[in-house]
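Following: one structure in structure tokens, then a few remarks.
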Amino acid sequence: MFHASKYALLQREPWVATAYPTSQPMWLYMAKLAWSLVDVSSDDGSETIRAKTTWTMLLYLTSAADGVQGGETVFYPNDRKLAQEELAIAPETGMLLLHKHGDNCLLHEGREVVAGQKWIIRTDLCVRR
């Protein structure tokens with residue numbers, strides 16, 4: 001269970017809108033160690049604070065109803081890429097996917113978009129390291 005009082009939420013990274021056109025290669029991710037460490041500016045910009053990302057949020061802006069085929073976000077719970085263990089999340093307009101990032105991040109990937117364009121908005125939540 002998440003208890004906000006246990007974490008000093010610094011700031012979320014900026015929202016980033018991204019389009020994935022047909023046939024763009026996707027990547028397999030396991031965001032641990034260095035990938036989960038970020039530098040966050042203080043509110044007044046006077047200092048840089050070392051932080052780590054703890055959660056990633058993806059807001060899906062398109063889906064099959066918009067002509068998107070493919071582009072699923074796929075998680076592999078046992079940190080190995082086996083089809084029989086995968087959990088595939090299809091893009092659905094308006095759906096927000098929240099998943100752990102950093103030390104407890106699951107191996108995951110975005111599948112290739114085979115038709116249309118997959119649009120998402122992505123950001124991370126950061127806490128003081």
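Every number here is computed from the coordinates shown, using simple stated rules; none is lab data. Remember, predicted model here, so these are calculated numbers, not experimental data. Positions of Cβ are backbone-derived with ideal geometry, glycine not excepted, and every protein chain shown enters the neighbour counts.
Values for this structure:
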| read-out | value |
| --- | --- |
| Residue list for the stretch 70-101, restricted to those being touching a residue at least 40 places away in the same chain (Cβ under 8 Å) and either of a type in the set (Ser, Thr, Tyr) or in contact with an Asp or Glu (Cβ under 9 Å, 6 or more places away or on another chain) (or both) | Gly70, Gly71, Lys81, His101 |
| Residues located in the stretch 101-129, provided they are of a type in the set (Lys, Arg) and either surrounded by 15 or more Cβ atoms within 10 Å (Cβ to Cβ) or over 26 Å from Thr48 (Cβ atoms) (or both) | Arg111, Lys118, Arg122 |
| Condition met for Val38 (in contact (Cβ under 8 Å) with a residue 60 or more places away in the chain, surrounded by 19 or more Cβ atoms within 10 Å (Cβ to Cβ) and over 14 Å from the mean Cα position of the chain (by Cα)) | no |
